[in-house]
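Okay, structure first, notes after.
The values are calculated or read from the model by the stated rules, or taken from the named source; none is laboratory data. Treat the numbers as computed from the prediction; the structure is a model and nothing was measured. All Cβ positions, glycine included, derive from the backbone under ideal geometry; neighbour counts span all protein chains shown.
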């Protein structure tokens, strides 16, 4: 039932960047370069090249943060910080072709830190539960039942350890391959599988079908 709620009701909300038609013209030939060339130029402090990287991958980073959190709270700050860190650590990127995945791992680490902090505050009664923004994660065509299911899934995920929650979300909401989940979570494949299994088992044990008929 959890899987059905996710597969039939979840969608990736596209958060688009600046769509000014004059923008690409200002970027010139740089906008047509591949990741290897852009990263190489950005390492040499070519700000135009890094702007192209930002415009090319910002929507991905924002959507990733929204999916993991279940809301759009502070995602712009997360993405801003992620790109700042990426720019400062470009020399650590071994494969420029993998810039997007590398950036995604940075986003995941930043969101995980925020989830851990909020979970700690809630555990001592200093913070409310995070809001679940269904308009950010549910399709316009989703039925009331499916939206209720998604709301319940995200509410349950708030009680799951952040590492398990993130791995499960990447696997079952983002539909990433296990190898990609491990890469984004900066962990081994075996660890990623364990985290996904723990979260999935918890959800299966606590998920209640909305609008089910009461027993006689």
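Regarding residue 86, is this residue buried (at least 20 other Cβ atoms within 10 Å of the Cβ) and more than 20 Å from residue 185 (Cβ to Cβ)?
Values: buried (at least 20 other Cβ atoms within 10 Å of the Cβ): yes; more than 20 Å from residue 185 (Cβ to Cβ): no.
It is false that residue 86 is buried (at least 20 other Cβ atoms within 10 Å of the Cβ) and more than 20 Å from residue 185 (Cβ to Cβ).
Residues of region 99-111 include at least one that is out of contact with any helix residue (DSSP H, G or I) (no Cβ under 6 Å at 6 or more places or on another chain), surrounded by fewer than 19 Cβ atoms within 10 Å (Cβ to Cβ) and under 19 Å from residue 71 (Cα atoms).
Against the numbered list (1) without any contact (Cβ under 8 Å) to a residue 40 or more places away in the chain; (2) in contact with a strand residue (DSSP E or B) (Cβ under 9 Å, 6 or more places away or on another chain), residue 190 comes up short only at (2).
How many residues, within region 105-150, are part of a helix (DSSP H, G or I) and under 24 Å from residue 79 (Cα atoms)? Steps first, please.
Here is the first cut: in region 105-150, the ones part of a helix (DSSP H, G or I) are 105-123, 134-137, 144-150.
In the following step, the residues that additionally are under 24 Å from residue 79 (Cα atoms) were identified as 105-121, 134-137.
Of the residues in region 105-150, 21 are part of a helix (DSSP H, G or I) and under 24 Å from residue 79 (Cα atoms).
Residue 131 versus (1) modelled with pLDDT of 95 or more; (2) out of contact with any helix residue (DSSP H, G or I) (no Cβ under 8 Å at 6 or more places or on another chain); (3) within 23 Å of residue 199 (Cβ to Cβ): which is the lone unmet condition? Residue 131 satisfies all of (1) modelled with pLDDT of 95 or more; (2) out of contact with any helix residue (DSSP H, G or I) (no Cβ under 8 Å at 6 or more places or on another chain); (3) within 23 Å of residue 199 (Cβ to Cβ) except (1).
For region 48-83, a tally of residues being buried (at least 18 other Cβ atoms within 10 Å of the Cβ) and at positive phi returns 1. Checked against (1) at pLDDT 90 or above; (2) more than 30 Å from residue 90 (Cβ to Cβ); (3) surrounded by fewer than 19 Cβ atoms within 10 Å (Cβ to Cβ), residue 157 passes all but condition (3).
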